[in-house]
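Written below as structure tokens is the structure these notes are about.
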Amino acid sequence: MIRSQKTSLLAPLLRGSALVLFATFLGCGTLVAKDGAYEPMRGQAGKDVVWIPTPPELVTRMLEMAQVTKDDFVVDLGSGDGRIVIAAAREFGARGLGLEYDEKMVGFASRNAATAGVSGRVEFRQADIFKTDFSQADVVTMYLLPDLNLRLRSTLMAMTPGTRIVSHQFSMANWKLDETSWVQGRPAYLWIVPANAGGAWEATYSRKAGAAASIAFTLEQQFQELKGTAQLGDIRTSLRTPSLRGRELQFGFTDADGVLRQVTATIDGGRMQGRIAGPDGSSAFTAERKGEAPPVGGSAPVTGDELSNAMRQLGE
Ligand SMILES: C[S@@+](CC[C@H](N)C(=O)[O-])C[C@H]1O[C@@H](n2cnc3c(N)ncnc32)[C@H](O)[C@@H]1O
């Protein structure tokens, strides 16, 4: 059952909980269609949050933001009537799994999938999202609550780099958004799970005019945000606008000869491989991490203090 919140962001879900009370008062918590089939009611109780469906236009936009393709496995956390997973299969050709605590909703979503002709590509499973492994997902979707998102954050951060996460309405505090879209005034947020780029790296690259060059550089990471410095002989310099999108890293630096160079590389565990470009053309760039990778800043489970701070900010 939903907790009481002042913020207008929670209004639709709060309206939902008011509906539950009204329905309970009328003695009709669950609706049964004329033909006897189960029909859910907007705002009906769920384990950690009530059922309110995401509008279809926003469902499509969320899947577009995640760039869903037929090769993706989409998991909706708290799948309700199944609409997100069904749309992923029907509109984008993806495979999908809906995790839903309410058994009746699981049956309802499965029937909706059959009606939509996508039963072969989707599955709905009765499960608690906090006790279920969904690490195989390429795309995770959710419409939950701010504190539930925060409780899931460390699990989401530990997913395969490049996994896309889209949330209707609620963000994840200081994990910076990669994209926001609004459809009819309702927001959806995208994050791309970052690789671990942190630590000390040593790189070599070849220059057109001259011998191979090497640099030592260090990256500090907080979620997907990076800061970095490079040591070029006795010169220490910051890296220019380092950025990370999944496993794809980019940064620039002014080398020891005063030449501006731009690196684009793919991180694979303790190695990165890519290209380095400068006025003399582009060449191969490889780097190896020296020592252990430090944990990614922000990847630890959210503490009680962080949770109450986030909830307080939301209520202001
Ligand atoms: C706000 S609805 C969103 C439904 C759907 N994802 C959508 O966007 O249309 C949240 C759903 O999560 C389900 N739910 C609540 N707590 C859950 C839990 N711990 N595990 C699985 N499902 C849960 C509710 O029953 C409800 O169907």
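The values are calculated or read from the model by the stated rules, or taken from the named source; none is laboratory data. Worth saying up front: this structure is predicted, and the values here are computed from it rather than measured. We place every Cβ from the backbone using ideal geometry, glycine too, and count neighbours over all the protein chains shown. The protein model used for the area step is the full one, side chains on, heavy atoms only, and it has no ligands, DNA or RNA in it. Shrake-Rupley method; radii C 1.70, N 1.55, O 1.52, S 1.80 Å.
Packing-based ranking of 117-128, 274-285 yields 117-128, 274-285, ordered from highest to lowest mean Cβ neighbour count within 10 Å. Residue 259 label point, 7 Å along Cα→Cβ, cut-off 17 Å on backbone N: hits in segment 213-231? From segment 213-231, the list is 213-216.
Looking at this model, which pairs from 104/176; 70/290; 70/176 are more than 32 angstrom apart at the alpha-carbon? Write down the numbers at each step before the final one.
Numbers: 104/176 36 Å; 70/290 38 Å; 70/176 28 Å.
Among 104/176; 70/290; 70/176, the Cα-Cα distance tops 32 Å for 104/176; 70/290.
Per residue, the Cα convex hull of segment 155-312 amounts to 137 Å³. Other residues whose C-beta falls under 13 angstrom from the C-beta of residue 227 contribute a net charge of -1, scoring Lys and Arg +1 and Asp and Glu -1.
Quick check on the chain: helices-only [θ] at 222 nm, where DSSP H runs of length 4 and up contribute -39,500 (n - 2.57) each and the sum goes over total residues. Nearest 500, please. Write out the running numbers ahead of the final one.
Values: 6 runs with 74 residues, N = 316.
Here the helix-only value at 222 nm equals -7500 deg cm²/dmol.
With respect to the chain, whose longest principal axis is taken over its alpha-carbon atoms, helix 56-65 is tilted by about 20°.
Please report the carbon-and-sulfur percent of the accessible area for the chain; probe 1.4 Å, protein heavy atoms only, DNA, RNA and ligands left out. Walk me through the intermediate numbers first.
Working: 7810 of 15330 Å².
The value for the chain is 51 percent carbon and sulfur by accessible area.
Cβ-Cβ distance of residue 300 and residue 266, R₀ of 25 Å, FRET efficiency by 1/(1 + (r/R0)^6): the value works out to about 0.45. In the chain, the longest principal axis of the Cα atoms and the axis of helix 146-157 are about 40 degrees apart.
The Cβ shell under 11 Å around residue 218 holds other residues with a net charge of +2, Lys and Arg each +1, Asp and Glu each -1.
How high is the relative contact order of the chain, in percent, with contacts defined as C-alpha pairs under 8 Å that are six or more residues apart? Please list the in-between numbers first.
On the way: 671 pairs, mean separation 38.0, N = 316.
Normalised by residue count, the contact order of the chain is 12 percent.
Rounded to the nearest 10 square angstrom, residue 306 shows an accessible area of 70 square angstrom against a 1.4 Å probe.
With both residues required to sit in the chain, DSSP beta bridges show an antiparallel share near 75%. Taking label positions 7 Å along the Cα-Cβ direction at both residue 235 and residue 307, the computed distance is 5.0 nm, reported to one decimal.
Restricting to bridges with both residues inside segment 51-193, how much of the DSSP beta-bridge set is antiparallel, in percent to the nearest 5?
Numbers: 10 of 28 bridges.
Bridges in segment 51-193 are about 35 percent antiparallel.
Each Cα pair under 8 Å and six or more residues apart adds its separation to the average, and for segment 51-193 the resulting relative contact order is 24 percent.
Ordered from highest to lowest accessible area with the whole protein assembly present and a 1.4 Å probe, 104, 131, 47 read as 131, 104, 47.
Rg then Dmax, both in Å and based on the Cα atoms of segment 51-193: 13.6, 40. Gyration tensor analysis over the Cα atoms of segment 238-316 returns equivalent ellipsoid semi-axes of 36, 16, 11 Å (largest first, whole Å). Would you give the gap between the C-alpha center of segment 73-116 and the C-alpha center of segment 190-237, rounded to a whole Å? Centre-to-centre (Cα) distance: 42 Å.
At full extension, residue 284 and residue 222 could sit 19.6 nm farther apart than now, given 0.36 nm per residue minus the alpha carbon distance. Just so you know, the Rg over Rh for the chain is 1.08, from Cα atoms, with Rh as the Kirkwood radius.
Per residue, how much accessible surface does the chain expose to a 1.4 Å probe? Answer in Å², no decimals. Don't skip to the end; give the middle numbers.
Numbers: 15330 Å² over 316 residues.
Computed with neighbouring chains in place, this is 49 Å² per residue.
How large is the direction-averaged shadow of the alpha-carbon convex hull of segment 69-148, in nm²?
Details: hull surface 19.4 nm².
Taking the Cα atoms of segment 69-148, their convex hull projects to 4.8 nm² on average.
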